[in-house]
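A short write-up of the structure that comes next.
The values are calculated or read from the model by the stated rules, or taken from the named source; none is laboratory data. None of the values given here were measured: they were computed from a predicted structure. Neighbour counts run over all protein chains shown; Cβ positions are idealised from the backbone, glycine included. Protein only, heavy atoms only, side chains kept; ligands, DNA and RNA dropped before computing areas. Shrake-Rupley method; radii C 1.70, N 1.55, O 1.52, S 1.80 Å.
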Amino acid sequence: MPAYDRNNIFARILRGELPCRKVHEDEFALAFHDINPLAPVHVLVIPKGEYVSQADFCAEAPAGQVVGFWRAVAKVARDLGLEPEGYRLVANHGPNGGQLVFHFHVHLFGGRPMSHRMGNMPKTDERK
Ligand code: DGP
């Protein structure tokens, strides 16, 4: 994995240097709509801190921040009304995982049934 780049896109969004369509913000996390949505709801949740990946985040972040981040993910899903029908969480890790932005983030997909083909990201026209 690369070292953390303080000028990656999500770092710049966190600093307010680039705009985003914000869904939620608290002391642990920022959530915003993905620029290229793959589902009716496609939100990214990122921790406040310099973490390249989920592995980096879990190894390096204080325990309270890890808990706070994952609670924020759950809150976003709940607040967007996704709980009753369900949703999918994805965290891409490294090149084989398809990670493009090296600031740890969780994709939250909802608003339609997801495929069982877990190896692929959902496509906009995908059906069950
Ligand atoms: P990943 O492959 O897991 O690293 O996904 C990166 C996601 O980030 C991808 O779905 C597109 C999204 N993205 C990239 N640049 C921007 C941006 O400037 N704004 C927003 N909102 N999303 C972005």
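Being within 26 Å of ASN96 (Cβ to Cβ) and charged (D, E, K, R) narrows it down to one residue among ARG6, ARG78, ARG15, ARG71; which is it? I'd like the intermediate steps shown before the answer.
Values: ARG78 fails: within 26 Å of ASN96 (Cβ to Cβ); ARG15 fails: within 26 Å of ASN96 (Cβ to Cβ); ARG71 fails: within 26 Å of ASN96 (Cβ to Cβ).
On inspection, the qualifying residue turns out to be ARG6.
From LEU100, LEU18, LEU30, grab the single residue that is over 15 Å from the mean Cα position of the chain (by Cα), over 17 Å from MET114 (Cβ atoms) and of a type in the set (A, V, I, L, M).
Details: LEU100 fails: over 15 Å from the mean Cα position of the chain (by Cα); LEU30 fails: over 15 Å from the mean Cα position of the chain (by Cα).
Sole residue among the options that is over 15 Å from the mean Cα position of the chain (by Cα), over 17 Å from MET114 (Cβ atoms) and of a type in the set (A, V, I, L, M): LEU18.
Please give the number of the condition LEU82 fails out of (1) of a type outside the set (Val, Ile, Thr); (2) on the phi < 0 side of the Ramachandran plot; (3) within 16 Å of the ligand (Cβ to nearest atom).
Going through the list (1) of a type outside the set (Val, Ile, Thr); (2) on the phi < 0 side of the Ramachandran plot; (3) within 16 Å of the ligand (Cβ to nearest atom), LEU82 breaks only (3).
State whether the residues of the stretch 77-94 include one that is surrounded by fewer than 18 Cβ atoms within 10 Å (Cβ to Cβ), modelled with pLDDT under 95 and over 14 Å from the mean Cα position of the chain (by Cα).
Within the stretch 77-94, one or more residues are surrounded by fewer than 18 Cβ atoms within 10 Å (Cβ to Cβ), modelled with pLDDT under 95 and over 14 Å from the mean Cα position of the chain (by Cα).
Within the stretch 1-19, which residues are part of a loop (DSSP other than H, G, I, E, B) and either touching a residue at least 12 places away in the same chain (Cβ under 8 Å) or open to solvent by 90 Å² or more (accessible area, probe 1.4 Å) (or both)?
Passing the criteria: MET1, PRO2, ALA3, TYR4, ASP5, ARG6, ASN7, ASN8, ARG15, GLU17, PRO19.
Scan the stretch 60-68 and tell me whether some residue there is open to solvent by 20 Å² or more (accessible area, probe 1.4 Å) and either closer than 21 Å to PHE109 by Cβ or within 14 Å of the ligand (Cβ to nearest atom) (or both).
Within the stretch 60-68 (the criterion being open to solvent by 20 Å² or more (accessible area, probe 1.4 Å) and either closer than 21 Å to PHE109 by Cβ or within 14 Å of the ligand (Cβ to nearest atom) (or both)), the answer is no, since none of the residues qualifies.
Among (1) assigned to a loop (DSSP other than H, G, I, E, B); (2) farther than 21 Å from PHE109 by Cα; (3) free of Cβ contacts under 8 Å to residues at least 60 places away in the same chain, there is one condition ASN36 misses while meeting the rest; what is its number?
Unmet for ASN36, out of (1) assigned to a loop (DSSP other than H, G, I, E, B); (2) farther than 21 Å from PHE109 by Cα; (3) free of Cβ contacts under 8 Å to residues at least 60 places away in the same chain: (2).
So which residues in the stretch 20-54 are of a type in the set (A, V, I, L, M, F, W, C), open to solvent by 10 Å² or more (accessible area, probe 1.4 Å) and away from the ligand (no atom under 14 Å from the Cβ), if there are any at all?
PHE28
Say whether the condition of being in a helix (DSSP H, G or I), in contact with a helix residue (DSSP H, G or I) (Cβ under 9 Å, 6 or more places away or on another chain) and within 19 Å of HIS24 (Cα to Cα) is met by at least one residue in the stretch 74-85. Let's see the steps before the verdict.
The first filter runs over the stretch 74-85 and keeps only residues in a helix (DSSP H, G or I), leaving 74-79.
Of the ones still in play, those that are also in contact with a helix residue (DSSP H, G or I) (Cβ under 9 Å, 6 or more places away or on another chain) are none.
No: the stretch 74-85 contains no residue that is in a helix (DSSP H, G or I), in contact with a helix residue (DSSP H, G or I) (Cβ under 9 Å, 6 or more places away or on another chain) and within 19 Å of HIS24 (Cα to Cα).
Which condition breaks for GLN65 when tested against (1) touching a Phe, Trp or Tyr at 6+ places or on another chain (Cβ under 9 Å); (2) of a type in the set (S, T, N, Q); (3) not in a helix (DSSP H, G or I)?
(3)
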